[in-house]
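What follows is a set of notes on a single structure, which appears directly below.
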Amino acid sequence: MDEGQANLRQARKQRGWSQEQAIVRFESIARALHMDLPTRPSLRTLLSMFENNRRMVPDHYRPVFRELYRATDEELGISQTAARVSLPVPPALPAVLPEQASPDILSYLSNVLAEHIKADAVVGPRYLVPTVQSQLPLIDRLCQATRGPDRTEVLAVAERFAEFCGWLYQDSGKPDSAVFWTNQALDYAQELNDPQLIAYVMMRKSNIATESGKPGYGLGLANAALNAFDALTPRIRAVALRTRANAQALLSEQREFEESVDQALIQASDGITQEAPDHASYCTPPYVAMEAGMSWVRLGQPGAAVEAFDQSLAAWPSGRQTRDRGLCLARLAAAAAVQGHAQRSCEAGAEALTIARSTGSARIRRQLRSLYDELAPHSSDALVRDLREQLAPVA
């Protein structure tokens, strides 16, 4: 973790504040400074990102942090010199690479990518990032060298690899690298002029933006993904609608959120029988329900969230999408803790922690950090104390 962000978190911990307590004080100071703030859920997400080195502290928030913790920017590690964003550097090209795309090379890359995608659902990004990165120089060379009718197939492979690499970085908790590779995928998709690919990558950009604390920007990108609605497959529509719903929940637009979720469930149900291939085969009704569940927590309705998570887990395909199931369990644990159901929360949280350890998913770890705080009021329970001790290295 970056030393500056560790200092920011340490300043809060030294005062014995939970994130929620810090946010309440942050809001009070910001109001005194006549500063506009996002909604409480968005601010909660931002504070977590600042503390976990997922986003720089903007200039206009620094005076609030200085007053909140009675410390200088340098002491908190949020000065201009302390906050640096590093973008990924593509691997250097080996001295000898193929000069053109043969059918054998393209078949090899397609098969390898299919196996990577299967592995990601089970083991997460930890072991896959180095392997995928090592194959990008070859793909880059093929894109540079290939012309004529073969270029379409090369671009299709390149788009998929770049988008997948962006996803791996997002799930690793590195949003800047995720944006870098997702933008690369969008360049390839636009050259291909494929509405399905363009919509899918725009959805991915929306998802990264919303997770990074920019739900307004994420909402605009999700709407852009849905511009070609009639030309999209049901699953692509569903995953874009699901992404739009997440942004709307963070913006506290409950009516619009509910409409988007309902439409997403309809499209995901239609997608079960669709024959056309696309990138969103994972977007099933249980997946949409799981994603909607966390939004219900943000909207202050943990009961609806628990119901959504239970329905999702009950219909979850056996042995598939292990990492996403872990995320669903972590979210269920947090929602149950908010409801005061400590035992239910601990059962789900323990299972989610096991999956987080095996996959290295930053999204699951981030949710477990929230669970750690949510369980604090129930620490008199021995089961809760035991789980919080296990969560401490994560939290």
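The values are calculated or read from the model by the stated rules, or taken from the named source; none is laboratory data. Note that the coordinates shown come from a computational prediction; the quantities given were computed from them, not determined experimentally. Virtual Cβ from ideal backbone geometry, glycine too; neighbours counted across all protein chains shown.
Below is a table of values for the structure above.
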| read-out | value |
| --- | --- |
| Tally of residues being in contact with a helix residue (DSSP H, G or I) (Cβ under 7 Å, 6 or more places away or on another chain) and closer than 17 Å to Met49 by Cβ across segment 212-248 | 7 |
| Condition met for Gln248 (in contact with a Phe, Trp or Tyr (Cβ under 9 Å, 6 or more places away or on another chain) and on the phi > 0 side of the Ramachandran plot) | no |
| Some residue of segment 152-170 being touching a Pro at 6+ places or on another chain (Cβ under 6 Å) and crowded, with 16+ Cβ neighbours inside 10 Å | yes |
| Segment 219-238, residues that are part of a helix (DSSP H, G or I), among the aliphatic types (A, V, I, L, M) and over 20 Å from the mean Cα position of the chain (by Cα) | Ala231 |
| Flag for Ala209 being modelled with pLDDT of 95 or more and not assigned by TED's automatic domain parsing to the domain that holds Trp181 | no |
| Within segment 330-395, helices (runs of 4 or more DSSP H) holding 2 or more residues that are touching a residue at least 60 places away in the same chain (Cβ under 8 Å) and over 28 Å from Lys174 (Cβ atoms) | none |
| Single residue of segment 1-45 satisfying the filter (modelled with pLDDT of 80 or more and among the polar types (S, T, N, Q)) that is nearest to Gly213 (Cα to Cα) | Gln19 |
| Checklist (1) surrounded by fewer than 24 Cβ atoms within 10 Å (Cβ to Cβ); (2) at pLDDT below 95 applied to Ile266, failing item | (2) |
| Among the candidates Ser177, Ser134, residue that is among the polar types (S, T, N, Q), more than 21 Å from Tyr282 (Cβ to Cβ) and surrounded by fewer than 16 Cβ atoms within 10 Å (Cβ to Cβ) | Ser134 |
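To keep it simple, each residue is scored yes or no on (1) among the aliphatic types (A, V, I, L, M); (2) assigned by TED's automatic domain parsing to the domain that holds Val122; (3) in a helix (DSSP H, G or I); (4) crowded, with 17+ Cβ neighbours inside 10 Å.
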position	(1), (2), (3), (4)
Tyr217	no, no, yes, no
Ala240	yes, no, yes, yes
Glu258	no, no, yes, yes
Glu275	no, no, no, no
Ser281	no, no, no, no
Met294	yes, no, yes, yes
Val297	yes, no, yes, yes
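Table: residues versus (1) more than 18 Å from the chain's Cα centre (by Cα); (2) farther than 27 Å from Arg55 by Cβ.
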| position | (1), (2) |
| --- | --- |
| Pro130 | yes, no |
| Leu138 | yes, yes |
| Arg147 | yes, yes |
| Asp150 | yes, yes |
| Ala158 | yes, yes |
| Val179 | no, no |
